[in-house]
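I have placed the structure first, in the form of C-alpha cells, so that the comments after it can refer back to it.
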C-alpha cells in the first residue's frame with residue numbers, strides 16, 4: 001500500500017524536500033523499514049528521509065504485540 005501510494009504522488013514531491021516518516025514496523029514481504037521504502041517508491045534514491053521514532057514497550061514485546 002505505502003509503495004503504491006508514494007509512487008502515485010512522486011511527481012508532486014520535491015526531490016530536495018525531506019520526507020518525515022512517523023510509521024513503525026516493517027513492510028511485510030520485504031522486511032524493509034519505511035525509510036528504505038520511501039526513496040525507492042518515489043524513484044529518487046537520494047530523497048532525504050527523516051525518521052521520527054518512539055519507544056517499544058516491554059509489555060507489548062512480551063505479549064508479542066506490534067510495537
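The values are calculated or read from the model by the stated rules, or taken from the named source; none is laboratory data. None of the values given here were measured: they were computed from a predicted structure. Reconstructed Cβ throughout: ideal geometry from the backbone, glycine too, with neighbour counts over all protein chains shown.
Data overview
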{"read-out": "Given (1) free of Cβ contacts under 8 Å to residues at least 12 places away in the same chain; (2) assigned to a helix (DSSP H, G or I), number of the condition residue 10 does not satisfy", "value": "(1)"}
{"read-out": "Selection within region 23-67 - part of a loop (DSSP other than H, G, I, E, B), more than 17 Å from residue 3 (Cα to Cα) and modelled with pLDDT under 85", "value": "53, 54, 55, 56, 57, 64, 65, 66, 67"}
{"read-out": "Contacts under 7 angstrom Cβ, first residue in region 36-59 being crowded, with 16+ Cβ neighbours inside 10 Å, partner part of a strand (DSSP E or B), 6 or more apart", "value": "38/19; 38/21; 38/49; 39/49; 47/19; 49/19; 49/21"}
{"read-out": "Qualifying positions in region 25-35 - at positive phi and in contact (Cβ under 8 Å) with a residue 12 or more places away in the chain", "value": "25"}
{"read-out": "Within region 10-28, considering residues that are in contact with a strand residue (DSSP E or B) (Cβ under 6 Å, 6 or more places away or on another chain) and exposed (fewer than 12 other Cβ atoms within 10 Å of the Cβ), the one nearest to residue 60 (Cα to Cα)", "value": "20"}
